[in-house]
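The values are calculated or read from the model by the stated rules, or taken from the named source; none is laboratory data. These figures come from a predicted structure and were not determined experimentally. We place every Cβ from the backbone using ideal geometry, glycine too, and count neighbours over all the protein chains shown. Just so you know, the surface numbers come from the protein's heavy atoms only, side chains and all, with ligands and any DNA or RNA stripped out. Shrake-Rupley method; radii C 1.70, N 1.55, O 1.52, S 1.80 Å.
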Amino acid sequence: MIPEPIPFLANIALVARADGILSASELGQLDAIRKEYGFKKSDFNAALRLAEGVTHKLTPIGTFADQVKNLELIIRVAHADNDLDAIETQLIADFCHVIGINQEQLDRLVKDVISTLKPADKLCPSCGVENASEAKFCQKCGSPLEPTATDVKVQFDIPPKGISIEFAESTATGYPRALEIAQQSNGYQSCVKGKKTWHMAYYASGTLSEALPLADCLSGMRNCILYIDGKEQSWGEVFGFAWCASQHDTAYRPVEY
């Protein structure tokens, strides 16, 4: 029995999503593993959230046998969509080094996993509904289930310089205007985390005043993240004055205000 199912599953998900895409086939294999090992659905969802964050690293779990099994499942899911890129390959190599698996053993393990790999039902990245392994589109929401160049990203590329603002879709009144402003920024991105669409605006100048209109629209909304020069910053400490600044701009006598 796996002692810590959440980080065990998170290790698998972390490698699978390292290329920025968590495909329907990869999600399907992950869910199949959950069922095979009797993991709770809540643990599965918690593992996906953990893998989405920036703090989780590949972590050996349990006995050596558990760690090798974790490696085997990482390889299984990474190969689910027949698209193993350089980042995933490097993460697998790093994990092998940590748990003491040499290249010859890894090559043999990869060969065994690929030879026994069976298609699993696909799990739609957009709505989470199970679909047959041969399905090309989700039976519920119609989203494409096969890897394409336009697959939905599951993480942002945070620029190392300037100001970046992430925010999730919302029913708040300021959301439509916030989205409009974000799309007009220097470098707009969107991705899907969990079941929410997230947006990111980028201001290359690094000037706070340039980002103030967006910050003002997002005032009071949850799920907003600020990065300055690639590092996450406290929203309140940086934009706590946004309301006051907006009042200044619209005041009858700005200087006196």
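Among the conditions (1) surrounded by 13 or more Cβ atoms within 10 Å (Cβ to Cβ); (2) touching a residue at least 12 places away in the same chain (Cβ under 8 Å); (3) polar (S, T, N, Q); (4) part of a loop (DSSP other than H, G, I, E, B), residue 164 misses just one, which is (4).
Considering the stretch 160-182, and only residues there that are over 20 Å from residue 229 (Cα atoms) and polar (S, T, N, Q), the residue that is farthest from the chain's Cα centre (by Cα) turns out to be 173. Quick check, is residue 246 in a helix (DSSP H, G or I), at pLDDT below 90, among the hydroxyl-bearing types (Ser, Thr, Tyr) and on the phi < 0 side of the Ramachandran plot? Here the answer is yes, as residue 246 does meet what is asked. The set of residues in the stretch 59-94 being part of a loop (DSSP other than H, G, I, E, B) and within 22 Å of residue 146 (Cβ to Cβ) consists of 79, 80, 81, 82, 83, 84, 85. Given the condition crowded, with 17+ Cβ neighbours inside 10 Å, touching a Phe, Trp or Tyr at 6+ places or on another chain (Cβ under 8 Å) and within 17 Å of residue 9 (Cα to Cα), answer yes or no: does some residue in the stretch 73-86 qualify? Among the residues of the stretch 73-86, at least one is crowded, with 17+ Cβ neighbours inside 10 Å, touching a Phe, Trp or Tyr at 6+ places or on another chain (Cβ under 8 Å) and within 17 Å of residue 9 (Cα to Cα), which makes the answer yes.
Identify the residue in the stretch 106-117 that is open to solvent by less than 70 Å² (accessible area, probe 1.4 Å) and part of a helix (DSSP H, G or I) and, among all such residues, is nearest to residue 29 (Cα to Cα). Steps first, answer last, please.
Initial filter on the stretch 106-117 (open to solvent by less than 70 Å² (accessible area, probe 1.4 Å)): 106, 109-110, 113, 117.
Pick out the ones that are also part of a helix (DSSP H, G or I) and you get 106, 109-110, 113.
Working: 106: 20, 109: 18, 110: 16, 113: 13 Å.
Here the answer is 113.
Look at residue 4 and say whether it is more than 17 Å from residue 192 (Cβ to Cβ), acidic (Asp, Glu) and either out of contact with any strand residue (DSSP E or B) (no Cβ under 8 Å at 6 or more places or on another chain) or surrounded by fewer than 17 Cβ atoms within 10 Å (Cβ to Cβ) (or both). Don't jump to the end; show me each part of the working.
Details: more than 17 Å from residue 192 (Cβ to Cβ): yes; acidic (Asp, Glu): yes; either out of contact with any strand residue (DSSP E or B) (no Cβ under 8 Å at 6 or more places or on another chain) or surrounded by fewer than 17 Cβ atoms within 10 Å (Cβ to Cβ) (or both): yes.
The answer is yes for residue 4.
Once the stretch 32-56 is narrowed to residues that are among the β-branched types (Val, Ile, Thr) and open to solvent by 40 Å² or more (accessible area, probe 1.4 Å), the residue that is modelled with the lowest pLDDT is 54.
Remark: pairs (first residue in the stretch 71-97, on the phi > 0 side of the Ramachandran plot; second residue surrounded by fewer than 23 Cβ atoms within 10 Å (Cβ to Cβ); Cβ separation under 9 Å; 6+ apart in sequence or on different chains) = 82/147. Annotation note: Cβ proximity below 9 Å between a residue of the stretch 41-57 that is in a helix (DSSP H, G or I) and a residue that is among the polar types (S, T, N, Q) and modelled with pLDDT under 90 (sequence gap 6+ or interchain) occurs for 52/155. The residue of the stretch 118-132 that is most open to solvent (accessible area, probe 1.4 Å), among those that are at pLDDT 90 or above and out of contact with any helix residue (DSSP H, G or I) (no Cβ under 6 Å at 6 or more places or on another chain), is 130.
In this structure, is residue 145 surrounded by 13 or more Cβ atoms within 10 Å (Cβ to Cβ), within 18 Å of residue 29 (Cα to Cα) and modelled with pLDDT of 90 or more? The answer is no for residue 145.
Candidates are the residues of the stretch 182-208 that are buried (at least 20 other Cβ atoms within 10 Å of the Cβ) and not in a strand (DSSP E or B); the one that is modelled with the lowest pLDDT is 185.
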